[in-house]
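Here's the structure, in structure tokens; my notes come after.
Here, each number is a calculation from the coordinates, and none is a lab measurement. Model, not experiment: these values are computed from the prediction. Because the Cβ atoms are built from the backbone with ideal geometry, glycine has one as well, and the counts that use them run over all protein chains shown.
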Amino acid sequence: MLECHQFTIAYPKHTPLFPPQTFTLAAGESVALCGDSGTGKSSLLYAICGLIPRQIEAELHGEILLAGKPPSKHTLAERTGLVGMVMQNPETQLFCGTVELEIAFGLENLCMPREDMQACVREVLELVGLWARRSESPNILSGGQKQLLALASVLVLQPKLLLLDEALSQLDSTACATMMAVLCELRRNGQAMLVVDHDEKRRAKLCDSEVCL
């Protein structure tokens, strides 16, 4: 699923963020990405999903392969089916008028037939407990519900690899427990994940192994 071979990242006029890394992540495996603040964990996730260097300028050293090819060699449709990312702040990932439209947006871009789309939207909103809120604006949801919606908007595209970039760090205890329950269910069902999270107990529940930068 994911292969890194002596891989590191350097922003313009800066030294590499972390020592060259070599590791793999197989289908169905969950791996925690560890390291102190500022060591480049988020940047590594950005490189995996193609934001670096497509939208964020940086030099890539070594090799990173997603399903056998560099992320930049996959088409947008291919990347959508391979990797999805949930960030720390859900506000950066939500922009549609209703909960239901937020989930449907990605499927519309993939030209999914409407009858299939409706079934997928319902399934993923029921998974995260937001089906009853489908007609409401994301703006009135709680912070935890917004993060669940951001997760659902990624999951509906059925990515083979899910990237979590401190996705639980801003949630209160109740919202965090709800999010963890969903993520643990995904793990039991074989969802591959690469997880950045500062909480050791959460990492232990979600991940099979660790890679330290």
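In the list Glu108, Glu126, which residue meets the criterion of being free of Cβ contacts under 8 Å to residues at least 24 places away in the same chain, under 23 Å from Thr174 (Cβ atoms) and of a type in the set (D, E, K, R)? Even if it seems obvious, please write down each step before you answer.
Numbers: Glu108 fails: under 23 Å from Thr174 (Cβ atoms).
Every option except Glu126 fails the conditions.
Beta carbons closer than 6 Å, at least 6 apart along the sequence or on distinct chains, pair a first residue in the stretch 71-90 that is touching a residue at least 40 places away in the same chain (Cβ under 8 Å) with a second that is polar (S, T, N, Q) for Gln88/Ser169; Pro90/Gln147. Elements of the type strands (runs of 3 or more DSSP E) sitting completely within the stretch 157-213 and holding at least 3 residues that are surrounded by fewer than 17 Cβ atoms within 10 Å (Cβ to Cβ): these cover 209-212. Just one of the listed residues (Glu100, Glu136) is more than 30 Å from Gly68 (Cβ to Cβ) and buried (at least 17 other Cβ atoms within 10 Å of the Cβ), and it is Glu100. Within the stretch 97-117, the set of residues being over 20 Å from Leu186 (Cα atoms), part of a helix (DSSP H, G or I) and among the β-branched types (Val, Ile, Thr) comprises just one member, Val99.
The residue that is surrounded by the fewest Cβ atoms within 10 Å (Cβ to Cβ), counting only those in the stretch 1-18 that are out of contact with any Ser or Thr (no Cβ under 7 Å at 6 or more places or on another chain) and over 13 Å from Leu60 (Cβ atoms), is Lys13. Considering (1) part of a helix (DSSP H, G or I); (2) closer than 22 Å to Ala167 by Cα, the lone condition that Cys120 does not fulfil carries the number (2).
Across the stretch 139-156, what is the total count of residues that are without any contact (Cβ under 8 Å) to a residue 40 or more places away in the chain and either in a loop (DSSP other than H, G, I, E, B) or surrounded by fewer than 23 Cβ atoms within 10 Å (Cβ to Cβ) (or both)?
So the first thing to find is which residues in the stretch 139-156 are without any contact (Cβ under 8 Å) to a residue 40 or more places away in the chain, and the list is 139-140, 142, 144-145, 148.
From what's left, either in a loop (DSSP other than H, G, I, E, B) or surrounded by fewer than 23 Cβ atoms within 10 Å (Cβ to Cβ) (or both): 139-140, 142, 144-145.
Total meeting the criteria: 5.
Screening the candidates Ala27, Ala32, Ala47 for the property of being touching a strand residue (DSSP E or B) at 6+ places or on another chain (Cβ under 7 Å), loosely packed, with under 13 Cβ neighbours inside 10 Å and within 26 Å of Arg202 (Cα to Cα) yields one hit, Ala27.
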